[in-house]
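One structure is given here, and the rest of the page talks about it.
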Amino acid sequence: MTDISKKITDEDKIKFAVFTIGAVEFALDIMRIKEIVKPLKITIIPKAPRFIEGVINLRGNIIPIVDLRKRFGVKIPETPLSSERIIIARLNGKIIGLIVDSVSDVISLGKGDISPPPEIVKGVSAQFIKGLGKVGSRLILLMDLDRILTASEKISLKASVKEKGKAIKEDEEDAGDREEE
C-alpha cells in the first residue's frame, strides 16, 4: 500500500488535477496547487540546472519554473503548444511553477483507486511517482511533488532565485523612477 492510499478512508476521496507530459497522464493533489496559468515571460537564471527554465514575475512574486518535460527526459515540441500551462504549486512552503503540455481535468480517487507503482518502475523516474490512479480504463501516474528537486537543487535554486529576484525588483524600481521623471 502506498503512503497516499494510507491517508484515504473508503469514504474519503482526494482530488487530483490531471496533466500531460508527452503522451503520459500525470496527476497532482489539488491541495498542492495554487493556480494554473498560461505561459508567461520567463527570465533565465544562469548556471541553473537544465530543467530549470528560469523565473517568472507573477503579480509581484518571483517564482522559479521547472520544465517537467526536461526533468522527465521527454521531447519538447519545436513550437510551443497552445495547450501548454504552468501549474503554480506549493513545494516545502515555497511556490514553484511546473511547465506541462496540458491540463485536462480534475479527478477524485478513493483508496481502492490507488495502487503502488509496479516493481518494474525503478530508477530515476520512479522517484517522482507516488502511485497509480485508476479511472475507468485510464492509468494515471500520481506525481510526488516533494521529490521533483533534490535537496542540493532546492538550495541552489533558492540562492539563484533570491539573487535574480533582487535584480528584477531593482529593474522594476528603476523603470518606475524613469516613468516619474
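The values are calculated or read from the model by the stated rules, or taken from the named source; none is laboratory data. As the structure is a prediction and not an experimental result, all values here were calculated from the model. Because the Cβ atoms are built from the backbone with ideal geometry, glycine has one as well, and the counts that use them run over all protein chains shown.
Structure values in brief
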{"read-out": "Some residue of segment 29-46 being within 22 Å of LEU141 (Cβ to Cβ) and modelled with pLDDT under 90", "value": "no"}
{"read-out": "Flag if ARG50 is exposed (fewer than 13 other Cβ atoms within 10 Å of the Cβ), over 18 Å from ASP105 (Cβ atoms) and of a type outside the set (Phe, Trp, Tyr)", "value": "yes"}
{"read-out": "Which numbered condition GLU25 misses (of (1) outside any strand (DSSP E or B); (2) farther than 17 Å from LYS94 by Cα)", "value": "(1)"}
{"read-out": "Of all residues making up segment 55-79, the number that are under 17 Å from ILE44 (Cβ atoms) and small (Gly, Ala, Ser)", "value": "0"}
{"read-out": "Top-ranked residue of segment 9-30 - restricted to ones that are over 16 Å from VAL103 (Cβ atoms) and not charged (D, E, K, R), ranked as surrounded by the most Cβ atoms within 10 Å (Cβ to Cβ)", "value": "ILE14"}
{"read-out": "Segment 84-96 residues that are farther than 12 Å from VAL37 by Cα, paired with ones that are surrounded by fewer than 19 Cβ atoms within 10 Å (Cβ to Cβ) (beta carbon under 6 Å, 6 or more apart)", "value": "ARG90/ARG32"}
{"read-out": "Boolean, VAL55 is under 16 Å from the mean Cα position of the chain (by Cα) and buried (at least 20 other Cβ atoms within 10 Å of the Cβ)", "value": "yes"}
{"read-out": "Search result, residues across segment 58-78 that are over 18 Å from GLY93 (Cα atoms), of a type outside the set (Lys, Arg) and not in a loop (DSSP other than H, G, I, E, B)", "value": "ASP67, LEU68"}
{"read-out": "Listing of strands (runs of 3 or more DSSP E) fully contained in segment 81-181 that carry 1 or more residues being at pLDDT 65 or above and surrounded by fewer than 13 Cβ atoms within 10 Å (Cβ to Cβ)", "value": "102-109, 138-143"}
